[in-house]
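The block underneath contains the structure these notes are about, expressed in structure tokens.
Just so you know, all these numbers are worked out from the coordinates, no wet-lab data involved. Small disclaimer: the values here were computed from a predicted structure and weren't measured. Glycine also receives a Cβ, built like all others from the backbone with ideal geometry; neighbour counts cover every protein chain displayed.
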Amino acid sequence: MAPISLRDLNDVIEGLPASDTWGPPTTTATTLHGVPYAPFSKGDKLGRMADWTTEGKEREGRGGRQQYQQRYRDQIYGAGPGGLQTVFNLEQQNEEGSFSLVDRSAPSRGRGFGGRGGTATFRGRGQRGGRGDTRGGRGTFQRVGGRGGPQGYDPRGGGRGGRGGRRGGWKDWDKPQRNREASVQPKDSWRMLEEIDFNRLSKLNLDTGEGEDLDDYGFLYYYDRAFDKQPGAATSVRKLTVLERAAYNVTTSSDPVIQELADKDEASIFATDNILSMLMCAPRSVYSWDIVMLKQHNKIFIDKRDGSALDMTTVNENAADAPLELSEGNKDAINAPGALKEEATHINNVFPTQVVLESETNKREMPNAHPFYDPSVESDPPASKSYKYRRFDLSLEADAEPLHLIVRTELDAVVKNNISGEDQMLTIKALNEFDNKAQGSGGALDWRSKLASQRGAVVATEMKNNSCKLARWTTQSILAKADLMKLGFVSRQNPKSTAEHVVLGVLGYKPREFATQMNLNLNNGWAIVRTFVDMVMKEPDGKYVLVKDPNKPTIRLYHVPRNTFEEDEEEEGLGGVGEEGEE
């Protein structure tokens, strides 16, 4: 074939018809044949096609392409859900349908059962029992040195509740809901007045000030500073010993001092720090509890019923994976919620008596004698305890008359300040470790090996797993105007036995600083108290009961008959009279 010049080639191309020219056909149609029209806006941001210029080591290994996918994948037009694949329906038509983009980013929420988008697992709890000797004025006391739990303790129930549930992980989606029994079952004769959820209570606020002291009763021994050695060290480990001491936990309406103050019209509301702290820290609670509010002559006595569990010390109440009941698959009976409560209560009764120096010549006597101890009746000496009666002002600007509350607070020991030499008041409590490898430990660290080197992590874990318990202890310390709060760390000698315990160390905290670390707001607690007091004040004289729902973050207020919780005692009394009549 003869060669053709470039000029001749151009002449040939110019002579061809338009339909035979090279390139895409010109058309004015808005829809291509076989392909639907995709809406497009000039305002759409297409982003970058790719960026391979990442500097430094990011280009090596997992840099480059992966960073492009993470940074710009969602900015490409049509790359998200409902994008080009949906508009053009290319799943089966595109010849490159086998190509897929590997998504290495974190899974998004709401994908069913797995990960953070898993189903919510709701947990609850029912606890019955408690103390059977918490009322009765001067003759009421508990044996601090007793091995078992408080008299009348019922091991049924226990466990852990859920404050509205928590997000389930990939292992939790198939767990059954844990329904718990309420601390007290409402009866048909009860009339519900109000139902308030924790979200509403958490938004309240009321500033009451520091409060004022009225009277001090009892005495205090001095704290043994030998327990302040480095926690976790071999020299700080001591065996927990049992000392027989008489301790008292009298309810509000049975306290003779409170009865005297009520007769003098010193206040309109009366309570003890143990009961009041439960109400003030209610939004942190998980277990079910109940409080009795007795109104008579425009005065309200905040009480606890016979057999109440308010005096019991909970264990890992707020843990994400709390101790299970035996009926729920727990194989260790000593690590069941009821057994753990009994063990923790025993430790908190014994521990404060061990860390003080008992000396009749070196102790802090209060202006008034012990209000409950009677040496002619008791065979054991009284435990170191000071009962401080304090008054707080709950009034609002809109109130026509002031509203005051008197609370009986408790102090456990006294210690001299190293600098000023002044006496500082202490409250003494004990945290207990049962088995950090057992179910329900809440991810707790091994105290023996970590308490010295990772003290902050140990305390932070306890704040998470026992938020309600620590908040109540801190509230009681602030109500009593204590200078320091001593926390003991007590562990089992053998994780498989509750027979013996050892004290690993003691840490001291200023109550208000500890409250700040826990995000504890006392003004919110006072507002909660004022809220329920206002509800009862509007009602006629009678008996009212607050019940925390075992499975929901809700509190209900009931108006109950006068003889509620006293029916058994009345029946026993009537039976005795009948027998005497027959004789």
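Would you mind computing Rg(Cα) / (2.2 N^0.38 Å) for segment 200-358, counting N as its residues? The partial results should precede the final answer.
Numbers: Rg = 19.6 Å, N = 159, 2.2 N^0.38 = 15.1 Å.
It is 1.30.
Lys and Arg at +1, Asp and Glu at -1: add these up for the other residues within a Cβ distance under 10 Å of residue 384 and post the number. Kindly include the intermediate steps, with their values, before the conclusion.
Details: positive: 245, 363, 364, 385; negative: 358, 412.
Result for the local shell: +2.
Over what distance in Å are the Cα centres of segment 534-549 and segment 304-323 separated?
Cα centroid to Cα centroid, the span is 23 Å.
Starting from one equal scatterer on each C-alpha and no solvent at all, send me the Debye-based log10 I(q)/I(0) for segment 175-284 at q = 0.10, 0.16, 0.21, 0.24 Å⁻¹, two decimals.
-0.67, -1.19, -1.32, -1.45
Among residues other than residue 217 whose Cβ falls under 11 Å from its Cβ, what is the net charge (Lys/Arg +1, Asp/Glu -1)? Display every interim value, and only then the final one.
Details: positive: 385, 388, 408; negative: 215, 216, 255, 365, 410.
Within the 11 Å Cβ shell, the charges total -2.
Quick check: Cα centre of segment 371-424 to Cα centre of segment 462-504, how many Å?
A separation of 20 Å, based on Cα centres.
Compute the orientation-averaged projected area for segment 323-461 from the convex hull of its Cα atoms and round it to one decimal in nm².
Working: hull surface 64.1 nm².
For segment 323-461, averaging the hull's shadow over all directions gives 16.0 nm².
Go through 239/416; 429/510; 299/543 and tell me which ones have a Cα-Cα distance over 20 Å in this structure.
On the way: 239/416 25 Å; 429/510 13 Å; 299/543 12 Å.
As for pairs spanning more than 20 Å Cα to Cα, those are 239/416.
For residue 308, enumerate residues with amide H under 5 Å from its amide H, sequence gap 5+ or separate chain, H modeled in the peptide plane.
131
Given a Förster distance of 45 Å, report the FRET efficiency between residue 191 and residue 233 from their Cβ-Cβ distance, rounded to the nearest 0.05.
On the way: r = 58 Å, r/R0 = 1.29.
About 0.20, to the nearest 0.05.
Rg/Rh for segment 305-368: what does it come to with C-alpha atoms and Rh from Kirkwood?
Ratio value, two decimals: 1.19.
Classify segment 238-292 from the C-alpha gyration tensor, please: rounded if a/c falls under 1.5, else prolate or oblate depending on whether a/b exceeds b/c.
Working: a/c = 3.07, a/b = 1.27, b/c = 2.41.
Taking the square roots of the gyration eigenvalues as a ≥ b ≥ c, segment 238-292 is oblate.
First select every other residue whose beta carbon is under 12 angstrom from the beta carbon of residue 233; then total the charges, Lys and Arg +1, Asp and Glu -1. Walk me through the intermediate numbers first.
Numbers: positive: 229, 238, 448, 455; negative: 228.
In short, +3.
Taking 30 Å as R0, compute the FRET efficiency from the Cβ-Cβ separation of residue 446 and residue 357 and round it to 0.05.
Numbers: r = 31 Å, r/R0 = 1.03.
Here the calculated transfer efficiency is 0.45.
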